[in-house]
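Laboratory data are not the source of any read-out in this text; all were calculated from the coordinates shown. What you see is a predicted model; the values in this text were computed from it and never measured. Quick reminder, even Gly has a Cβ in these numbers, built from the backbone with ideal geometry, and neighbours come from all protein chains shown.
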Amino acid sequence: MGFRSKFENAEKALTFNDVLLLPGWTTLEPNEADVMTNITKNVKINIPLIASPMDTVTEAEMAIALAREGALGVLHRNCSTKEEVEMARRVKRAEAVIIRDVVTVSPDSTVEDLLKQMEEHNIKGFPVVDDESKLQGIVTWRDVRLAEHDLKIRDVMTEEVITGTEDTDLEQAMKILHDHRIEKLPIVDKDGRVQGLITMKDITLKGKFQEAVRDEEGRLLCAAATSPFDLPRAKALDKYVDVMVLDVSHFHNKNCFEATKEIIKNVEADVIVGNIGTYQAAEDIITQLDGVAGLRVGIGSGSICSTSVVTRAGAPTMYATSQVADAVKTYGADIPVIADGGMRNPGDVAVAMAVGASAAMMGNVFAGCSESPGRLVAMEGRYYKEYYGMGSAKAREKRFVMDRYSKPSKSINEGVEGWVPYRGPVKEILGEFTGGLKAAMGYVGASTIPEVWEKAKLALVTERGASEAAPHDIFRPGPSRTI
Ligand code: XMP
């Protein structure tokens with residue numbers, strides 16, 4: 001191929017602002033649209049939005065809040081394996097009816113040890129067990145808040161413990177908790193060994209979040225990121241996560257493929273791989289990597305990405321999604337496509353779906369919510385939250401994400417640091433996005449996401465057309481809103 005033809009035949013890597021959804025014949029009202037979707041072969045969520053694995057976006061608090069509302073957050077990996085596993089444990093413990101992974105203490109540990117455990121696990125009460133896991137007592141915040149720090153737990157714990165057995169059902173448990181005015185009911189076997197824990201808080205919460213996404217045992221769904229090159233972390237997380245996201249900036253790479261085979265062989269969770277940006281990458285995954293359950297798609301479109309500036313390489317999310325979705329369709333592969341990066345509005349999410357996405361992953365939008373871990377600051381009369389790319393100098397200081405980017409770029413930043421407007425609780429953002437997405441589906445005439453794939457038609461707009469399509473010729477005081 002001649003050099004000239006490289007630009008004469010160059011791909012049109014269009015992006016969200018280049019297109020509009022054409023209105024189509026519709027028989028439904030927007031509120032009748034169903035936005036439930038598959039994000040992997042086996043995992044469904046009720047709202048097709050996923051928070052990025054970034055350390056200013058998704059830790060346990062965000063993951064819990066999203067799963068309770070029916071969406072999902074992917075825990076970031078810019079921390080030690082122990083810290084990430086602990087976040088996953090917190091998600092799984094958040095609402096389990098019976099907590100199986102009970103954190104216990106020894107009667108010989110001290111009040112000081114207990115206070116540390118309370119902070120580390122964010123738990124206020126612990127069964128006290130001996131070396132054989134046999135229940136000796138129970139100790140709660142109330143027992144230790146004024147106690148001397150060097151006292152032994154056996155001196156402050158309550159020895160008389162009301163317990164249940166594996167046969168205790170939910171109703172009985174509630175009655176016992178209520179009758180005895182207690183908060184926690186350890187479940188023990190016939191030898192008195194602790195097998196689980198039922199708490200009043202979890203029972204009350206369970207009824208509260210009707211749309212929550214849960215696993216077979218009723219615990220919240222949990223997703224977490226890991227490097228394809230970190231098998232020990234993948235194995236450690238596997239006990240707690242339903243979905244594992246192998247998180248690199250350019251997955252279409254021989255070493256990533258080889259390492260992923262090992263991970264897929266060794267974990268039970270559904271494995272999503274990415275990021276990829278082309279038909280060829282998707283085709284190679286489908287034909288060479290058995291067991292991949294989802295594809296994360298888009299390179300360089302993220303609001304904090306400088307990859308395309310630094311390297312001039314990239315595959316804008318809308319273009320990339322259409323490419324990958326076509327490969328999936330051609331091969332009849334049952335692998336959902338997750339569009340990732342560059343989406344700001346519900347309409348962008350709808351466009352991603354028009355070109356084959358099953359769900360949208362966003363960092364910027366969720367970084368602004370109360371539940372994100374980023375710092376909240378006031379500047380010039382407005383609140384902002386910190387948000388930075390995983391390839392930025394700030395993220396790379398922690399060094400756990402160094403292998404997200406290619407070897408030569410380890411000394412170059414591929415992301416920037418900044419602030420996003422504070423948006424309040426994530427529940428409200430989900431409400432706005434779901435409402436907007438359903439309205440878009442109403443215009444398209446689609447009642448489900450697979451119908452959006454089929455029915456949505458796109459129109460190309462020029463830059464001037466795009467400015468006409470946004471509010472114009474009107475004075476609006478204050479900073480413009482994004483949605
Ligand atoms: P938004 O637009 O929602 O995009 O902020 C979030 C996505 O951006 C990706 N990401 C990065 N890409 N350099 C990059 O090139 C970075 O430093 C970086 N950090 C995150 C990631 O895919 C995320 O989901």
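Below, the figures for the structure above:
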item	result
Length gained when the stretch His472-Asn9 is fully extended (0.36 nm per residue, less Cα-Cα span)	163.1 nm
Sparse-neighbour loop sites [trypsin sites (Lys or Arg not before Pro); the stretch 311-407; at most 16 other C-beta within 10 Å; DSSP]	Arg312, Arg344, Arg375, Lys398, Arg399
Alpha carbon centroid spacing (whole Å) that separates the stretch 132-169 from the stretch 1-79	46 Å
Met379, Met200, Met441 arranged by Cβ crowding within 10 Å, fewest neighbours leading	Met379, Met200, Met441
Residue range of the chain that is longest and free of chymotrypsin sites (Phe, Trp or Tyr not before Pro) which are both DSSP loop and sparsely packed (at most 14 other C-beta within 10 Å)	26-330
Additional length obtainable on full extension of the chain from Ala378 to Glu428, 0.36 nm per residue less Cα span	15.9 nm
Signed unit charges on C-beta, dipole axis of the chain, positive-most listed residue Leu21, Val188, Val161	Leu21
Lys, Arg +1 and Asp, Glu -1 on Cβ, resulting dipole of the stretch 111-200 about Cα centre, debye, nearest 20	280 debye
Alpha-carbon Rg with Dmax, taken over the chain, Å	24.6, 84
Alpha-carbon centroids, the stretch 374-442 and the stretch 353-372: separation in whole Å	10 Å
Theoretical ellipticity at 222 nm over the chain - DSSP helices of four or more residues, -39500 (n - 2.57) apiece, nearest 500	-9500 deg cm²/dmol
Listed residue pairs exceeding 32 Å between alpha carbons, taken from Lys134/Lys175; Lys116/Lys398; Lys124/Lys438; Lys190/Lys427; Lys41/Lys82	Lys124/Lys438; Lys190/Lys427
Dipole magnitude (debye, nearest 20) for the stretch 184-257, charges at Cβ of Lys, Arg, Asp, Glu	220 debye
For Asp34, residues with placed amide H under 5 Å, excluding near neighbours	Thr448
Beta bridge orientation in the chain: antiparallel %, DSSP, nearest 5	50 percent
Modelled label reach - Met200, point 7 Å along Cα→Cβ, the stretch 143-170 residues with backbone N closer than 14 Å	162
Within the chain: Cβ-based charge dipole about Cα centre, in debye rounded to nearest 20 (Lys, Arg +1; Asp, Glu -1)	1380 debye
Where trypsin sites (Lys or Arg not before Pro) fall in DSSP loop in the stretch 147-193, at most 15 other Cβ within 10 Å	Arg181, Lys190
Loop trypsin sites (Lys or Arg not before Pro), the stretch 1-58 (other Cβ atoms within 10 Å of the site Cβ: 10 or fewer; DSSP)	Lys12
Rough spin-label spacing in nm, given labels placed 7 Å along Cα→Cβ, for Asn255 and Arg142	5.6 nm
Rough spin-label spacing in nm, given labels placed 7 Å along Cα→Cβ, for Asp189 and Lys152	2.7 nm
